[in-house]
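K.L.:
Have a look at the structure that comes next, please.
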Amino acid sequence: MTHDQWTAVDGYLTDLLAPADEALTAALDDSAAAGLPAIAVAPNQGKLLNLLATVQGARNILEIGTLGGYSTIWLARALPADGRLITLEYNPDHADVARANLARAGLDKVVEVRTGAALDTLPQLEAEGAGPFDLTFIDADKANNPHYVSWALKLSRPGSLIVVDNVVREGKVARADESDPAITGTRAMFDLVAREPRLDATAIQTVGSKGYDGLLIARVTA
Ligand code: SAH
Ligand code: DHB
Ligand code: MG
């Protein structure tokens, strides 16, 4: 199987089940024009996030790692009119692109893009009493994945969902001798989740237009 095949199948599935619209297309186009890396979730992955938030009945969503706001749009579209999404982004240029993309999508009243390193802004959220979040999507610097899961747990309630992107990275996650901090961070995250009695989790490998990767989904039980 090749990446071309995965991409062709993703095209087939996405055209049928997760078709682009003006706001999603423009969000990707303007992100590319602004020089942002093409590392947003695939459309069918965005639709998965949207469905998870809908099934969850989410009213309060947290995202760590905004980029141009593409996954943010998919998540925020699952919210009720009085729902709220806070998305954390380190790079102020990314945050500016995201704010424009979210405004064009009609979501600027629902979404707040907060600039800063997430390990600085997460304690602020706690101090403000911003949680509990019904769903947290973690998709930022992978080295900090264990810290982000700990924070997500702290800002959750029983029944909350925590989703972590990019947890397989072409299979590298299974290599105990990897020194890449993105991989060691993700492995430390898996150790934490496996040991944490308040989390009930699974992870699946995925292939598609974004390559060979995977997703962790955890439910907060207590
Ligand atoms: N969720 C997006 C993709 C996010 S890419 C989507 O699917 O559409 C990862 C983002 O995390 C980048 O924009 C990067 O600038 C941001 N990031 C990296 N380190 C961060 C940190 N310490 N705190 C917050 N965001 C960070
Ligand atoms: C990278 C980050 C992501 O969030 C992603 O989905 C793909 C790649 C990266 O940093 O390379
Ligand atoms: Mg990602």
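The values are calculated or read from the model by the stated rules, or taken from the named source; none is laboratory data. Keep in mind that this is a model prediction, so the values were computed, not measured. Positions of Cβ are generated from backbone atoms using ideal geometry, with glycine treated the same way; all protein chains shown enter the neighbour counts. The protein model used for the area step is the full one, side chains on, heavy atoms only, and it has no ligands, DNA or RNA in it. Shrake-Rupley method; radii C 1.70, N 1.55, O 1.52, S 1.80 Å.
K.L.:
Just for region 32-61: of the residues that are among the small types (Gly, Ala, Ser) and surrounded by fewer than 19 Cβ atoms within 10 Å (Cβ to Cβ), which one is farthest from ligand 2 (Cβ to nearest atom)? Let's see the steps before the verdict.
P.N.:
First, the residues of region 32-61 that are among the small types (Gly, Ala, Ser): 32-35, 38, 40, 42, 46, 53, 57-58.
From the residues that got through so far, the ones that are surrounded by fewer than 19 Cβ atoms within 10 Å (Cβ to Cβ) too are 32-35, 38, 57.
On the way: ALA32: 15, ALA33: 19, ALA34: 17, GLY35: 15, ALA38: 9, GLY57: 26 Å.
Going through the qualifying residues, I end up with GLY57.
K.L.:
Checking LEU75 against (1) closer than 23 Å to VAL149 by Cβ; (2) away from ligand 3 (no atom under 14 Å from the Cβ), which test does it fail?
P.N.:
Condition not satisfied by LEU75: (2).
K.L.:
Exactly one of these conditions fails for ALA98: (1) closer than 25 Å to LEU17 by Cα; (2) hydrophobic (A, V, I, L, M, F, W, C); (3) open to solvent by 10 Å² or more (accessible area, probe 1.4 Å); (4) touching a strand residue (DSSP E or B) at 6+ places or on another chain (Cβ under 8 Å). Give me its number.
P.N.:
For ALA98, the failing item is (3).
K.L.:
Kindly indicate whether any position in region 211-218 is open to solvent by 80 Å² or more (accessible area, probe 1.4 Å) and either out of contact with any strand residue (DSSP E or B) (no Cβ under 6 Å at 6 or more places or on another chain) or in contact (Cβ under 8 Å) with a residue 60 or more places away in the chain (or both).
P.N.:
The answer is no; no qualifying residue exists.
K.L.:
Being assigned to a loop (DSSP other than H, G, I, E, B) and within 11 Å of ligand 2 (Cβ to nearest atom) is the filter; apply it to region 63-81 and report the residue that is most open to solvent (accessible area, probe 1.4 Å).
P.N.:
My answer is LEU67.
K.L.:
So if I check each of ALA40, ALA34, which one is more than 8 Å from ligand 1 (Cβ to nearest atom) and either of a type in the set (A, V, I, L, M) or in contact with a Cys (Cβ under 7 Å, 6 or more places away or on another chain) (or both)?
P.N.:
Only one candidate passes the filter, namely ALA34.
K.L.:
Within region 174-222, work out how many residues are basic (Lys, Arg) and within 16 Å of ligand 1 (Cβ to nearest atom).
P.N.:
As a first pass, look at region 174-222 and keep what is basic (Lys, Arg): 175, 187, 195, 198, 210, 219.
Next, only the ones that are within 16 Å of ligand 1 (Cβ to nearest atom) stay: 210.
Qualifying residue count, region 174-222: 1.
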